[in-house]
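To keep things clear, I will list the structure first and then write my remarks on it.
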Amino acid sequence: MARRASTLTLHQRDTLLAMGMVLPAILYITLLLGIPIVLAVIYSLNDVTTGSPVMRFIGLDNFQALLDTPDFLRAVSNTFVITISTLIGVLVLGTVQAELLIRPIRGKWLIRFLILLPWTAPASLSAIAWLWMLDSTFSPLDWILRGLGLLGHPGALFGDFDNTFWLGRSGLALFSIILVNVWRLLPLATVIILAGLNGVPRDILEQSEIDGAGYFRRLFHIILPMLIPVFGVTILFTFVFVFTDIVTVFILTRGGPANATQVLPTLAFFTGVQGGSLGRGAATALFLLPVLAAVSIVILSIIRRREI
């Protein structure tokens, strides 16, 4: 009995130790995420502005007003277009880069270092650098296109103007934001997929080569199916980062031209903070929550089933 009591006491000590180590993380998440979400829900159900401390309960009127606003519907559409397009570009290019980096080549460490640079740089500094590269007057991309004869003369592929005006035309501005997002998130996707490629059993690949399977057959029938959980993690990280990102759009276009690149995070900021309508801004931001929750649940369930 004494031995059993001692074992139970040791188990209790382990439980208390585990709770003590997890408690700071729980408090951090509660303070950082829980309280703002609760406040956002309260604000979204009330008529509250930055100029008045009085809140008046209005129920779901803020949400109904958003659904009747063309700018909000366009922001929802832009958010999904940018996120899905970025996701496709990151998955395709990340897989190609990881497949190339896993091969024995000279200077692999230098190539990996250069690929990781966009991820290590602060997002705001990266967006400012791209703001200069996409400048309407001094864009080096336009200079290269003019040098190649693709811009600046009648019949040129990119137009007969001397400049492309990347951020001044609706379609090009949306493409520019997608391009910057792919450039920023490609290193993370490459590292994740590269780790997955290193985890593919070598004996399976060697046996497939002995059986006469070619490169593409090994890629599509062996490697890629085994990387589905890895792709799920990549999709989840990319979706969350892009869907909630405000830095790229805010620095490059501020939602312009004419709200052509407005997304939900920037619309929530402009409406709630700069516009002073906290209730409407909180309602806009809350539209992100169910989408993120649904996508996370679906992807995590697919990963779990695949691992089992």
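Points worth noting:
- Measuring nothing but protein heavy atoms, the accessible surface of the chain at 1.4 Å probe radius is 70 percent carbon and sulfur.
- Cα gyration tensor, region 7-152 - rounded (a/c under 1.5), prolate or oblate: oblate
- The residue list Leu32, Ile58, Val81 was ranked by how far each Cα lies along the charge dipole of region 1-110 toward its positive end, using unit charges on Cβ atoms, and Leu32 comes out on top.
- Convex hull volume of the C-alpha atoms in region 50-105, normalised per residue: 160 Å³.
- All other residues whose Cβ lies under 14 angstrom from that of Leu101 are scored, Lys and Arg at +1 and Asp and Glu at -1, for a net of +3.
- Per-residue ellipticity at 222 nm computed for the chain from its helices equals -21500 deg cm²/dmol, with DSSP H segments shorter than 4 residues left out and the rest contributing -39,500 (n - 2.57).
- Mean Kyte hydropathy of -1.0 or more with a Cα span along the axis of at least 24 Å, helices from DSSP in the chain: 2-29, 70-101, 170-198, 288-307
- Note on surface exposure: Glu99, Glu206 rank Glu206, Glu99 by accessible area, highest first, 1.4 Å probe.
- With each label modelled as a point 7 angstrom along the Cα→C-beta vector, the Trp132-Arg217 pair spans 5.2 nm.
- Taken about its Cα centre, the chain carries a charge dipole of about 900 debye when Lys and Arg each add +1 at the Cβ and Asp and Glu each add -1 at the Cβ.
- From the coordinates of this entry, Rg and Dmax of the Cα atoms in Å is computed, and it appears in (1) 25.0, 95; (2) 18.0, 53; (3) 19.3, 61 under the label (1).
- Dimensionless Rg over Rh [region 93-135; C-alpha; Kirkwood]: 1.11
- Heavy-atom surface of the chain, accessible at 1.4 Å and reported per residue (Å²): 60 Å²
- For region 216-259, convex hull volume per residue from C-alpha positions, Å³: 105 Å³
The values are calculated or read from the model by the stated rules, or taken from the named source; none is laboratory data. These numbers come from a predicted model, not from an experiment. Please note: Cβ atoms are built from the backbone with ideal geometry, for glycine as well, and neighbour counts cover all protein chains shown. The protein model used for the area step is the full one, side chains on, heavy atoms only, and it has no ligands, DNA or RNA in it. Shrake-Rupley method; radii C 1.70, N 1.55, O 1.52, S 1.80 Å.
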